[in-house]
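Peer 1: The structure that follows is given in the form of structure tokens.
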Amino acid sequence: MARRYRFGIEEFERLFRGIAGVELLEGEVYQMSPIGPRHAEVVARLVTRFAQALGDQARVWPQNPVRLPPGSEPQPDIALLKPKDYWEALPSAEDVLLLVEVAESSLDYDRNTKLPLYARSAIPEVWVLDLSENRLHVFRAPKEGVYTEHRVLLPGEEAEPLLFPGVRVAWP
């Protein structure tokens, strides 16, 4: 008989650190979709644009884990973090200024599994870039586990991070 097993963050890190393509969400290990060339190129472009636009105002943290206790360690495509060193501990929800998920084949997973987790963790803003439809979904104002604001940007429109007014970012 198959058994289901839930992991704590420390146990997950001990067992799975360094294994590409897995993340911990609410105690369960998920295999992530492989990153294709289009997805990789978009992430690289956005990392460059964020770094140029923000300079030392934020740390650009690409495809690295973020700790969201009690039982999650997702790996968003890009996290903008408070500008400090993370030598001793991975960033937590309090460090996150903006998360970006690039969805080529993972839109359902990003919208229905990760986005609610981010809202429950009070991440102030999440962008989900839907490569299939060429739309940028901007989610803001988490309240009681859901984002209360959702805006869709079309090609040619620049995005402006909530916590960086006046900073305009072209996508993809």
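Taken together, the values in this text are just the output of simple stated rules run on the coordinates, not laboratory data. All figures in this text were calculated on a predicted structure; none of them were measured in a lab. Cβ placement follows ideal geometry from the backbone for every residue including glycine, while neighbour counts extend to all protein chains displayed.
Peer 1: Near the amide H of Met32, under 5 Å away, which other amide H atoms are found, from residues 5 or more places off or on another chain, if H is placed in the peptide plane?
Peer 2: The answer is Val22, Glu23.
Peer 1: Also: Counting DSSP beta bridges in the chain, what percent are antiparallel, to the nearest 5? Spell out each step's value before the answer.
Peer 2: Details: 28 of 34 bridges.
In the chain, DSSP labels about 80 percent of beta bridges as antiparallel.
Peer 1: Here is a further query. Could you work out [θ]222 nm for the chain from helices alone, using -39500 (n - 2.57) per DSSP H run of at least four and dividing by all its residues? Round to the nearest 500 deg cm²/dmol.
Peer 2: Details: 3 runs with 32 residues, N = 172.
Computed ellipticity for the chain at 222 nm equals -5500 deg cm²/dmol.
Peer 1: Amide H neighbours of Glu73 under 5 Å, counting only residues 5+ apart in sequence or on other chains, H built in-plane at 1.01 Å?
Peer 2: Leu24, Leu25, Glu26, Leu68
Peer 1: Which is the longest part of the chain that has none of the chymotrypsin sites (Phe, Trp or Tyr not before Pro) sitting in a DSSP loop with at most 13 other Cβ atoms within 10 Å?
Peer 2: Working: sites that count: Tyr5, Trp87.
Here the longest segment lacking exposed loop sites spans 88-172.
Peer 1: Moving to a separate point now. Can you bin the chain into rounded, prolate or oblate? Criterion: square roots of the alpha carbon gyration tensor eigenvalues sorted a ≥ b ≥ c, rounded for a/c under 1.5, prolate for a/b above b/c, oblate for the rest. Display every interim value, and only then the final one.
Peer 2: Details: a/c = 1.57, a/b = 1.41, b/c = 1.11.
Judged from the Cα gyration tensor, the chain comes out prolate (a/c at least 1.5, a/b above b/c).
Peer 1: If you don't mind, there's one more thing I want to ask. Specify whether the C-alpha gyration tensor of segment 25-103 places it in the rounded, prolate or oblate class, a ≥ b ≥ c being the square roots of the eigenvalues: rounded for a/c under 1.5, otherwise prolate if a/b is larger than b/c and oblate if not. Don't skip to the answer; put the middle values down first.
Peer 2: On the way: a/c = 2.50, a/b = 1.08, b/c = 2.31.
It is oblate, given that a/c is not under 1.5 and a/b is not larger than b/c.
Peer 1: Between helix 37-54 and the chain, what is the angle of the helix's C-alpha long axis to the longest principal axis, kept within 0 to 90° and rounded to the nearest 10?
Peer 2: 60 degrees
Peer 1: Which value, in debye to the nearest 20, gives the size of the charge dipole of the chain about its Cα centre, when Lys and Arg are +1 and Asp and Glu are -1 at the Cβ? Before the final figure, lay out the partial values.
Peer 2: On the way: 20 positive and 26 negative charges, 22 e Å.
I would put it at about 100 debye.
Peer 1: Report the extension gain between Ala89 and Leu117 in nm, rounded to one decimal, defined as 0.36 nm multiplied by the number of residues separating them, less their alpha carbon distance.
Peer 2: Numbers: separation 28, 0.36 × 28 = 10.08 nm, distance 2.03 nm.
Additional length available on full extension: 8.0 nm.
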